[in-house]
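This report refers to the structure that appears directly beneath it.
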Amino acid sequence: AEKSTASFTTNSGFRFTRVKKIEGNDINWVFAPGGPGLGSEYFESYLINLTIPGTLWRLDFPGDGSNQTDQGNDSFDYASWEHTLVPALQNLQNVVLVAHSFSGMLALTIPDLETKLLGL
């Protein structure tokens, strides 16, 4: 397994942090945290120990957890997540979204995800 932390932030403010890549397939496993307010850092030790083939990513929503923006969290419109999650995930191919608590409930309310993901 290649452990490498690389990250990128989408125009809408979603931050993807690559935890590691294991050869064997081209699936991008994207782990989205509970919350709102809770960052994806709590997944780190879990993901380091996973041995599934593919690339494992942590996803932080805009203005959530440690993913603070210069606009300040107090003014962030959490309702925009529903409209910006699909385009954010389209920055990667072959995505399986692993969503916990709030992010799982949010994902279930976005019909467009069904045609954009390999799995949820």
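The values are calculated or read from the model by the stated rules, or taken from the named source; none is laboratory data. Note that the structure is a prediction, hence the values are computed from the model and not measured. FYI the Cβ positions are ideal-geometry reconstructions off the backbone, even for glycines, and counts take in every protein chain you see. Surface accessibility is based on the protein's heavy atoms, side chains included, excluding ligands, DNA and RNA. Shrake-Rupley method; radii C 1.70, N 1.55, O 1.52, S 1.80 Å.
Of all the listed residues (V19, V30), the sole one being closer than 19 Å to F102 by Cβ, outside any loop (DSSP other than H, G, I, E, B) and at pLDDT 85 or above is V30. For beta carbons closer than 8 Å, sequence separation of 6+ or different chains, a first residue in the range 36-51 that is under 18 Å from G63 (Cβ atoms) and a second that is among the aromatic types (F, W, Y) and modelled with pLDDT of 90 or more, the qualifying pairs are S40/F31. Of the residues making up the range 62-85, one or more are open to solvent by less than 30 Å² (accessible area, probe 1.4 Å) and modelled with pLDDT of 90 or more. Among the residues making up the range 27-39, those that are more than 9 Å from D64 (Cα to Cα) and in contact with a strand residue (DSSP E or B) (Cβ under 7 Å, 6 or more places away or on another chain) are I27, N28, W29, V30, F31, A32.
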